[in-house]
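Reviewing the structure listed below.
Here, each number is a calculation from the coordinates, and none is a lab measurement. Please read all numbers here as calculations on a predicted model, not as lab measurements. Because the Cβ atoms are built from the backbone with ideal geometry, glycine has one as well, and the counts that use them run over all protein chains shown.
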Amino acid sequence: MATEGATTADRTADGGTTAGTAKEAELLAAVTELGAALRELVDVSVATTVDPAELRAAAASAREISARLSASRRGRDQLSVLDDVVQFRRVFNPVSGVGNPLAPPLVVHPVDGGVAAEASLGMAYEGPPSYVHGGMSALLMDQLLGAATTEAGLWGMTARLELDYRRPVPLQAPLLLRAAVSEVAGRRTVITGTIALADAPEQTLVEARAVFVIPRPEKAAAYFGRITDASGEAAPPRRPSDAAAVADAD
């Protein structure tokens, strides 16, 4: 389920263009540097053909780094000091977060009528030989559809996600992803989107449609009541204008 998209706030945090304090700016730069290095490591680890001795040496080095980073960790219910769920800023998001080695990362920007993003996926995302795993396409589209929702001033959780895989998505090729809100009815938002090659934007490779639903207040409390910011203050996901107050329209 997606609870947020890469909004303008995401782009600020993930791009590292601004930060609340000099300390946060330094932390963001370090997180970005580590994320990029780990992303490079993931990419080369699935393509390397070095001998077993080199692989074991690399594994030992990786374990040493893991031990160093484990010296101080946050729990699952605590946000990073760089995150702000009200502004939909998530630096470790698995699609758009510069600090997450799983993320391409996807940089989302507003366009007329919705949002768009560009990406090129390496061999770590391979499904059929030389093509992107279908589940990765679903992950990217879930994120982008959520971004279109928040760009429209809404928010919600993924209630349904449908994809039509028209053509395989090639690895290591510049891609163009687009999404836009097509319908709003009370707590429900319908969003559609596509994945295409950047040099053939009108030839759809993947088409997606999703329904996002704003959870009722009691469900939102049950889902997110334990979420805190880095200082321990409650920080449940919501839009700045408090979308949880939208009237039902079942």
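Peptides 162-169, 141-148, 205-212 ranked from most to least packed by the mean count of surrounding Cβ atoms within 10 Å: 141-148, 205-212, 162-169. Between Arg63 and Ala29, how high is the FRET efficiency from 1/(1 + (r/R0)^6) when r is the Cβ-Cβ distance and R₀ = 30 Å? Nearest 0.05. Once the sixth-power term is evaluated, E becomes 0.70. From its DSSP helices (H runs of at least four residues, each -39,500 (n - 2.57)), the chain gives a residue-normalised ellipticity at 222 nm of -10000 deg cm²/dmol.
With springs only between Cα atoms under 10 Å, which of Ala230, Ala59, Ala117 fluctuates most in a Gaussian network model of the chain? Sorting by GNM fluctuation, first place goes to Ala59. Please work out the Cα center distance from the stretch 202-224 to the stretch 67-104, rounded to the nearest Å. With the stretch 202-224 and the stretch 67-104 each reduced to a Cα centre, they are spaced 21 Å.
Mean separation of Cα pairs under 8 Å and 6+ residues apart, divided by the residue count of the chain: what relative contact order is that in percent? All intermediate terms of the calculation are to be shown ahead of the outcome.
Values: 490 pairs, mean separation 54.3, N = 250.
The value is 22 percent.
Taking amide hydrogens as placed 1.01 Å from N in the peptide plane, the amide H of Tyr131 sits under 5 Å from those of Leu171, each at least 5 positions away in sequence or on another chain.
Selection among Val132, Ala221, Leu205 by position relative to the dipole of the stretch 83-234 gives Ala221 as farthest towards the positive end (Cβ unit charges, Cα centre).
Taking R0 as 35 Å, what's the FRET efficiency between Ala221 and Glu183 from their Cβ-Cβ distance, rounded to 0.05?
Values: r = 27 Å, r/R0 = 0.78.
For Ala221 and Glu183, the calculated efficiency is 0.80.
Taking 0.36 nm per intervening residue step and subtracting the Cα-Cα distance, what contour gain separates Val50 from Tyr165 on full extension? Walk me through the intermediate numbers first.
Details: separation 115, 0.36 × 115 = 41.40 nm, distance 3.52 nm.
That works out to 37.9 nm of additional length.
For the stretch 43-123, rounded, prolate or oblate, judged on the Cα gyration tensor with a ≥ b ≥ c (square roots of eigenvalues), a/c < 1.5 rounded, else prolate if a/b > b/c? Before the final figure, lay out the partial values.
Values: a/c = 5.30, a/b = 1.44, b/c = 3.67.
Oblate shape, in that a/c is at least 1.5 and b/c is the bigger or equal ratio.
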